[in-house]
Amino acid sequence: MSIALVLAVIVVALVLFSIETIPIEFTSLVVVCLLALSGVLTPTQAFQGFSNDTVIFIFTLLAMTQGLAATGVVQMIGQRMAFFARFGHQAFVLAMMGVVAVFSSFISNTVTTAAFLPVAIGAAQRAKVPRSKVLMPLAYASMMGGTVLLFGTSTNLVVSAALVQRGLPAIGVAELAPVGLPVVVLGLAVVVLLGPWLLPAREGKPGTEGWALREYLTEAVLPPDSRYVGRPLADISEGLGLRVLGIVREGETHSALPTYVLQGDERLVVEGRREDILRVKDLQGIELRPDVRLSDAELEGPESLLVEASVPPGSPLVGRSLKEVLFVERFGLVALALHRRPAIRRLTKLQLLRRARGEHSLSTLPLSVGDVLLLRGPRGRVAELAGGANLMVLEGHEYEPPRYAKALLAVILFVAALGAGSVGLLPLSVAGLAGMLAMIATGCVDARTAFRVDWRVVLLIGSMMALGLAMEESGAGKFIGDHVARLGAYGGPRAVLALLMVLTIALSAPMSNQAAALVVLPVALSAATQLGVDLRPFAMGITLAASCSFITPLEPSCVLVYGPGHYRFTDFFRLGTPLTAVLVAFLVVAVPWVWPFAGP
């Protein structure tokens, strides 16, 4: 009876995970509730997954990666990747995937994808390559990087914890590397060779770009003592990720040629994403210079915010300029940059470039419905603006400039925490917690940002660990394992391993990588026991297969690039199917070679 109940819960979970309108965290808690209500697990057993050391460590790991992002560590490395765009599309894709895979070996693949996403889009634009040719390889590289080290993905950590829960050795920090590294190399080769043929060349319809990828227009000034004086314009356009549209000097407009030698007292009309433009504020030698400024104390104080606000229909600002309405005096905020819909963006660029004849600057452009302003000023004035009808503050879009001065410290604390936990000086949960608190205490990241983690991951993992325990306690895992093991009479343990890896990949589509691995793991261990072979190759095969599901865009890294890349569901099937097939075929051969069926 218990076996039937557990299998019914699995079916319910699969159905609910497949229905996209139901939040994943709701489904996770439904699983725990059903297991407790049915009596398969006691309440203590049902909830013990949430107090597991590994679940706590995953939470702290996600928080620490927020610290790496807040200090600009990943962003700084990512910006250097734009250099390879000058060598062509394939060279850039290969270099980008390699760097992303390295980062993803240590930190969350979702965080890595999010950090490199703007860089990849910018480089694709400069190389005149459709972003759809670049973003899917980015997501795939982050997923493959998770197969190298224990910390690369939460899937590795939860499987390791599940093994310990069953009295088996945990996965070593670099135990997966002998197979994970070839997976990365082989996967990169497949994507680079097949990508140009199978990836779509699609830019999407105008106006479909997301808020994080908006292109802003603004003006920057080069002071006479700027460190860029005497250097070519390429040092700014390529080094900062900005597109310089034109240069105004002494009343004349000059073309923005990369070889143009910069001089002092020049005004640059620039275009770029929000993060690219705001990076100028953190550098010496070039700065944003609105016509009217608040005091530095007001702009840079602890209560200062940077938000995006759009001009809604019916706003009294429509048709009027910032200068005309005395925006700074009236609202107490400074407009740093302007985003306009594609239909009028080109005209706006021309207006700004003709400023040499005194026609327009950022503050004299008449505003239109749908314009988005990048605003900075005191928190209280932002709150007042949000309550009015003039502008609509876009929720959740506050921006905090990277704390570059803390970047090295953040790296040291991150590495120290992982090192202390890896060598056994501290339990993983304690090491992660200490590292997270140290980052907050030293100012690498504020507490509000650190705790801005994806709680759905924590809920999902805790719930799936309860489901894995239920499969073991009820005998459901052994029941399914016995039936799967019968395949061994025809194809041997390698055929059973292949079947289980394919099952893991299939389940990862409606569930998640972590959930699929935890559901299949008890079945795999039971099948190995019935076959009389070592359990390790089956456990490692399931772990690696969970990170090799590229057929659908349901993995978080793929979800991040789905919209910006203007992809369709079938695009992932075209490239993901051969990539998954090649890597699974490799795993079927490599896993038993590294972890023999006969045991050590």
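Residues of region 172-197 being modelled with pLDDT under 90 and open to solvent by 10 Å² or more (accessible area, probe 1.4 Å), which ones? First the steps, then the outcome.
Start the filter on region 172-197 by keeping residues that are modelled with pLDDT under 90, which leaves 172-174, 195-197.
GLY172, VAL173, ALA174, PRO196, TRP197, listed by residue number.
Take the conditions closer than 18 Å to ALA162 by Cβ, touching an Asp or Glu at 6+ places or on another chain (Cβ under 8 Å), modelled with pLDDT of 80 or more and open to solvent by less than 20 Å² (accessible area, probe 1.4 Å) and apply them to SER508. Does it pass? Don't jump to the end; show me each part of the working.
Working: closer than 18 Å to ALA162 by Cβ: yes; touching an Asp or Glu at 6+ places or on another chain (Cβ under 8 Å): yes; modelled with pLDDT of 80 or more: no; open to solvent by less than 20 Å² (accessible area, probe 1.4 Å): yes.
No: the conditions fail for SER508.
Please specify each residue of region 565-600 satisfying the condition of being in a loop (DSSP other than H, G, I, E, B) and open to solvent by 60 Å² or more (accessible area, probe 1.4 Å). It would help to see each step written out before you state the result.
Initially, region 565-600 is screened for residues in a loop (DSSP other than H, G, I, E, B), giving 565-568, 595-600.
If the condition is that a residue be in a loop (DSSP other than H, G, I, E, B) and open to solvent by 60 Å² or more (accessible area, probe 1.4 Å), then ARG568, ALA598, PRO600 are the ones that fit.
Could you go through region 101-113 and let me know if any residue there is modelled with pLDDT of 80 or more, open to solvent by 30 Å² or more (accessible area, probe 1.4 Å) and closer than 27 Å to GLY172 by Cβ.
Step one: list which residues in region 101-113 are modelled with pLDDT of 80 or more, which gives 101-105.
From what is left, the residues that are open to solvent by 30 Å² or more (accessible area, probe 1.4 Å) are 102-103.
Applying the additional criterion that residues be closer than 27 Å to GLY172 by Cβ yields 102-103.
Yes, some residue in region 101-113 is modelled with pLDDT of 80 or more, open to solvent by 30 Å² or more (accessible area, probe 1.4 Å) and closer than 27 Å to GLY172 by Cβ.
Yes or no, residue by residue, for (1) of a type outside the set (A, V, I, L, M); (2) at pLDDT 80 or above; (3) more than 29 Å from the chain's Cα centre (by Cα); (4) within 16 Å of ALA515 (Cα to Cα):
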| residue | (1), (2), (3), (4) |
| --- | --- |
| MET1 | no, no, yes, no |
| LEU16 | no, no, no, yes |
| ILE19 | no, no, no, yes |
| PHE26 | yes, no, no, yes |
| CYS33 | yes, yes, yes, no |
| THR42 | yes, yes, yes, no |
| SER51 | yes, no, no, no |
| ILE58 | no, no, no, yes |
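Please go through (1) over 28 Å from PHE50 (Cβ atoms); (2) open to solvent by less than 10 Å² (accessible area, probe 1.4 Å); (3) modelled with pLDDT of 75 or more; (4) among the hydrophobic types (A, V, I, L, M, F, W, C) for ALA124 and return the number of the only condition it doesn't satisfy.
(3)
Filtering region 404-423 down to residues that are at pLDDT below 85 and open to solvent by 60 Å² or more (accessible area, probe 1.4 Å), which residue is farthest from the chain's Cα centre (by Cα)?
Ranking the qualifying residues of region 404-423, first place goes to VAL423.
Of the conditions (1) at pLDDT 75 or above; (2) among the hydroxyl-bearing types (Ser, Thr, Tyr); (3) within 30 Å of VAL393 (Cβ to Cβ), SER304 clears all except one; give me its number.
SER304 satisfies every listed condition except (1).
I'm trying to understand the selection: among the residues of region 527-547, which are among the polar types (S, T, N, Q) and modelled with pLDDT of 85 or more?
At the first step, the residues of region 527-547 found to be among the polar types (S, T, N, Q) are 529-530, 543, 547.
Across region 527-547, the qualifying residues are THR529, THR543, SER547.
The values are calculated or read from the model by the stated rules, or taken from the named source; none is laboratory data. These numbers come from a predicted model, not from an experiment. Quick reminder, even Gly has a Cβ in these numbers, built from the backbone with ideal geometry, and neighbours come from all protein chains shown. Only protein heavy atoms, including side chains, enter the accessible area calculation; ligands, DNA and RNA are left aside. Shrake-Rupley method; radii C 1.70, N 1.55, O 1.52, S 1.80 Å.
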